[in-house]
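Report on the structure given below.
Bear in mind these aren't lab numbers, they're just calculated from the coordinates by the rules spelled out. Small disclaimer: the values here were computed from a predicted structure and weren't measured. A quick note on method: Cβ atoms are made from the backbone with ideal geometry, for glycine too, and the neighbour counts reach across all protein chains shown.
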Amino acid sequence: MAVYKKKGYKKEKKNNNDLAHLTKESTTAEVFTSLDEGASKLEKFLEKNQKWIFTGLAAIIVLVAGYMWYDQNVKIPHEQEAIDNLSTAQIYFDKGINESDDKLMKEDFDKALNGADGKYGFLQVNEKYSGTKAANLANYYIGMIYYKNGDYKNAVSYLSKFKGNDDILQPTAYGTIGDAFVELEQPDEALKYYEKAAKASDNEYTAPLYYFKAGKLALDNGDKTKAHKYFLIIKEKYPKSKEAKNIDVYLIQAE
């Protein structure tokens, strides 16, 4: 028997859009299946380890709360107490640094170091309040006093401990270490710290000052190449500084 196709019958075709749609549906189904499997594994993990998880969370909460309590009730009051004790030592340091009489200067420095008027000196603040900003600042003042008193080794020791981001104090600390090494006849170490001092802050006062000291020291040690480099930096970068006034003379000496 012959089979006839119905008039107007066309074999249904799946176009590209339909294929893309089916592919998308299939991929979406796979993603959801994967998510379901992942969620199931996570639930099992949480169920199995919930004791340790909650213990860990509790420990974190206790640590955070403890830190906040310590910060508010111990650290901040401790810091303020250290600053209060530092203020008297600071007064005597300022008096000593401006004193023209050597004997009076040393008396003021002694009070600044060891305390006076019922208050701690820099040494006591440094020891009793170790780890505070005041103790760190005390390192600077102790080092400067030792340098002024001619105790260069202790000056290096304390100034090396001072860590600051001040544009003047940190370069001055490095520079004074350099000066102390010059007095200790260690020119290589001195030069290293003069460089650190010059680079610690790009200002018109400390940078040219310590580049000049570095240049002079290098020149005195016969290293004209280094000396010329330092003097040229002053000429090009700090032409308005006092060190730049006669810098051409030094550049000629370093040729």
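If we count other beta carbons within 10 Å of each Cβ, what is the order of Val249, Val156, fewest first?
Val249, Val156
Just grab the label-to-label distance for Lys95 and Asn221, each label 7 Å out from Cα along the Cβ direction, in nm (one decimal).
4.1 nm
Please list 3J(HN,Hα) in residue order for region 106-112, calculated via the Karplus relation 6.51 cos²θ - 1.76 cosθ + 1.60 where θ = phi - 60°; whole Hz, with x for glycine and proline.
Each residue of region 106-112 in turn: 5, 5, 5, 5, 5, 5, 5 Hz.
So what's region 115-161 giving for Cα Rg divided by 2.2 N^0.38 Å, two decimals?
1.11
Checking the table Lys153/Lys242; Lys153/Lys240; Lys199/Lys245 against a 26 Å threshold on Cα-Cα, which pairs fail?
Beyond 26 Å: Lys153/Lys242; Lys153/Lys240.
What ranking do Phe212, Phe122 get, fewest neighbouring Cβ atoms within 10 angstrom at the top?
Phe212, Phe122
Neighbour counts of other C-beta atoms within 10 Å: give me Leu217, Leu104 arranged from fewest to most.
Ranked by crowding around the Cβ, least crowded first: Leu104, Leu217.
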